[in-house]
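Quick notes on the structure that follows.
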Amino acid sequence: VQTLESGDYTVKYGDKCYSDTFIIERKSSVSEIYTCCGHDRDRFERELQRLVNVKFRYVLCEFDFMSITDNPPPGFLEPQAVYGTILSFHVKYGIPFIYGHNRDTARAIALKLMQFFVKYEILGITK
């Protein structure tokens, strides 16, 4: 286990760590994404900027997209502002936001992304 400069997950295959090529930034709750789009926006944008040169980069949310409007935390931004911020981050930094509905589904998605990365990028399997 090692701490990453950016992101929460990467791939280690054999002795090589692929944190320069594959990073997943995890968001565990609606409150966390509201914070990243609100008063921690500058910090979060710096994090996203560090990921721009990583070929395979993702923000993986452990909730579904509709939770942003269905369960907005009190006292935060309006849901439309959060939607707009997320979409602007996607375009500005080229980082897809993936919504996993819950923690277990998000972990399964992370594992699949890592498996496909190993298969296609490391091992070079084309089928």
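A short reminder: the numbers here are calculations on the coordinates, not readings from a lab. Source: prediction; values computed, not measured. Cβ: placed from backbone, ideal geometry, glycine included. Neighbour counts: every protein chain shown.
Show me the three semi-axes of the equivalent ellipsoid for the chain, from the C-alpha gyration tensor (sqrt of 5 times each eigenvalue), largest first, rounded to whole Å.
27, 16, 12
Report, for the chain, the % of DSSP beta bridges that are antiparallel, rounded to 5. Before the final figure, lay out each step's value.
Working: 3 of 12 bridges.
That works out to approximately 25 percent antiparallel.
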What is the extension gain from residue 6 to residue 87, computed as 0.36 nm multiplied by their sequence separation minus the C-alpha to C-alpha distance, in nm to one decimal? 27.1 nm
To the nearest 500 deg cm²/dmol, what mean residue ellipticity at 222 nm is calculated for the chain from DSSP H runs of n ≥ 4 alone, each contributing -39,500 (n - 2.57), summed and divided by the residues? -12000 deg cm²/dmol
Taking only Cα atoms, what is the 0 to 90° angle, nearest 10, from helix 41-51's long axis to the longest principal axis of the chain? 20
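Quick check: net charge around residue 118, other residues with Cβ under 15 Å of its Cβ, Lys/Arg +1 and Asp/Glu -1?
Cβ neighbours under 15 Å give a net charge of +4.
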For the chain, modelled as a Gaussian network with Cα springs under 10 Å, which listed residue fluctuates most, 52, 82, 11? 52
Which far-off residues, 5 or more places away or on another chain, put their amide H under 5 Å from the one on residue 60, with H placed in the peptide plane? 25, 26, 27, 98
Between the modelled labels at residue 123 and residue 69 (7 Å from Cα along Cα→Cβ) the distance in nm is 4.2
Could you grab the relative contact order for the stretch 3-127? Cα pairs under 8 Å, six or more apart, rounded to a whole percent. 26
Can you run phi through the Karplus equation (6.51, -1.76, 1.60; θ = phi - 60°) for the stretch 10-21 and list ³J(HN,Hα) in whole Hz, with x for Gly and Pro? 8, 10, 10, 10, x, 9, 9, 9, 9, 5, 8, 10
So, in Å, what gap is there between the alpha-carbon centers of the stretch 105-120 and the stretch 12-57? 16
